[in-house]
Amino acid sequence: MVDQFTKVSDNAFTRIREDIACTFERDPAARSTWEVITCYPGFHALLIHRFAHRLWRMRMRWLARFVSHVSRFLTGIEIHPGARIGRRVFIDHGMGVVVGETAELGDDCTLYHGVTLGGTTWNKGKRHPTLGRGVVVGAGAKLLGPIVVGDGAKIGSNAVVVQNVPPGATALGIPARIILDELDKTREEKAAKLGFSAYAVTAKAEDDPLAKAVEGLLDHSVETDKRIELILNQIEQLRAEREDTQKQLRLGPKVVNK
């Protein structure tokens, strides 16, 4: 019995140390361990959730919900005690975060304020999202239903995601559109530079003439940039060749005189 208690205690302190370490890794504003322990609501919410989740698994459901409710009052973060959360999860700022009963978060996930992992049905089965390892969910994003977000995926701020997101992909917009290939990534980068809002593009551009026109303009702009870069490189190459030729012409008479 004593050995089991010691093992549980060691595991709990190990996870606390991991939480503190990942806070320093992902928040440059963190200055000291004491500051993280006393001033980070995301750290507090996860700490209390582990206790509430243990009560939930022991079928002490009311007490688990009450502990969860107290945590919500203290931190502004609502995590259902039935939710399964992995190691080194970081909740930054935290206010308004909601994590549903059947939600699952893999190791090393990051959630920002206003994130909702919610359901779309009143059925009691699996109805909340599952996040893989290393998923980043931006501020205000809504992930709804029993969807699966693959390892290393990123969800943009204020996105509304109602479909699966492949590993390593990025989801942006309302409803969210999945960015996978290099053309889409280049297009989004160009849109950001030109001041276009990625959230204004619908999930399927072919269904929206305006979105399709915007994408066409962005593609043309990207292609134009490539051509301009090629021309500039050729000009630079010609300039270097011209300078070499001039040097040879200046050195020519000296070589003859010798």
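Observations on the structure shown:
- Residue that is nearest to THR121 (Cα to Cα) [pool: residues in the range 135-160 that are among the charged types (D, E, K, R) and buried (at least 17 other Cβ atoms within 10 Å of the Cβ)]: LYS142
- Residue pairs meeting the criteria (Cβ under 7 Å; at least 6 apart or on separate chains; first farther than 28 Å from LYS124 by Cβ, in the range 80-99; second among the hydroxyl-bearing types (Ser, Thr, Tyr)): PHE90/THR23; PHE90/THR110; ASP92/THR110; ASP92/TYR112; HIS93/TYR112
- Residues (aliphatic (A, V, I, L, M) and either touching a strand residue (DSSP E or B) at 6+ places or on another chain (Cβ under 9 Å) or not assigned by TED's automatic domain parsing to the domain that holds HIS113 (or both)) located in the range 36-51: ALA45, LEU46, ILE48
- Which numbered condition HIS80 misses (of (1) out of contact with any Phe, Trp or Tyr (no Cβ under 7 Å at 6 or more places or on another chain); (2) within 29 Å of ALA21 (Cβ to Cβ); (3) at pLDDT below 95): (3)
- The lone criterion from (1) in a loop (DSSP other than H, G, I, E, B); (2) out of contact with any strand residue (DSSP E or B) (no Cβ under 6 Å at 6 or more places or on another chain) left unmet by HIS128 is number (2).
- Taken together, the residues in the range 215-253 that are modelled with pLDDT under 85 and β-branched (Val, Ile, Thr) amount to 2.
The values are calculated or read from the model by the stated rules, or taken from the named source; none is laboratory data. On a predicted model such as this, the values are computed, not experimentally measured, just so you know. All Cβ positions, even for glycine, are placed from backbone atoms using ideal geometry, and neighbour counts span all protein chains on display.
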